[in-house]
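The next block holds one structure in the form of structure tokens; read it before the comments.
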Amino acid sequence: MPDLSDLYRDKWIACTEQGIAIRWYYLWGPKQIPYSQIRGAELVKLGLASGKGRIWGTANPRYWASLDPHRRQKELALILDLGRSVRPYLTPDDARTVAAIIKNQAGLADVPERGNGPVI
């Protein structure tokens, strides 16, 4: 059952008032990202080389895809810029809703929707 304080929740990702909770990001478990750490975000289209074929992890050292066994059925990914060399690559069930929440909560000017995502 969703927590009533959640702005968004699916099986793998939750947006709360404080930040984003990713259920299985690391091999050992979750990652919490406060909105204050998010410098930017973008939506990208998923393709076979850009995420649909990957359940978890990466072949590209600039991105890390959180666990999502259903990524193959999804169309969009959300890439977060945290000011670090590795960017979280997330595939929430409703990526546009999560992008809107991040834009609002992190005070971003925009969360652009780009073309195909990077090879991961």
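The values are calculated or read from the model by the stated rules, or taken from the named source; none is laboratory data. Please read all numbers here as calculations on a predicted model, not as lab measurements. Positions of Cβ are backbone-derived with ideal geometry, glycine not excepted, and every protein chain shown enters the neighbour counts.
Residue-wise test of (1) among the aliphatic types (A, V, I, L, M); (2) crowded, with 21+ Cβ neighbours inside 10 Å.
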site: 20; (1), (2): yes, yes
site: 23; (1), (2): no, no
site: 49; (1), (2): yes, no
site: 57; (1), (2): no, no
site: 69; (1), (2): no, no
site: 94; (1), (2): no, no
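Residues in segment 63-77 that are more than 9 Å from residue 120 (Cα to Cα) and not hydrophobic (A, V, I, L, M, F, W, C): 66, 68, 69, 70, 71, 72, 73, 74, 75. Condition test on residue 106, is it small (Gly, Ala, Ser) and either at pLDDT below 95 or surrounded by fewer than 16 Cβ atoms within 10 Å (Cβ to Cβ) (or both)? Considered against the rule, which asks whether it is small (Gly, Ala, Ser) and either at pLDDT below 95 or surrounded by fewer than 16 Cβ atoms within 10 Å (Cβ to Cβ) (or both), residue 106 comes out as no.
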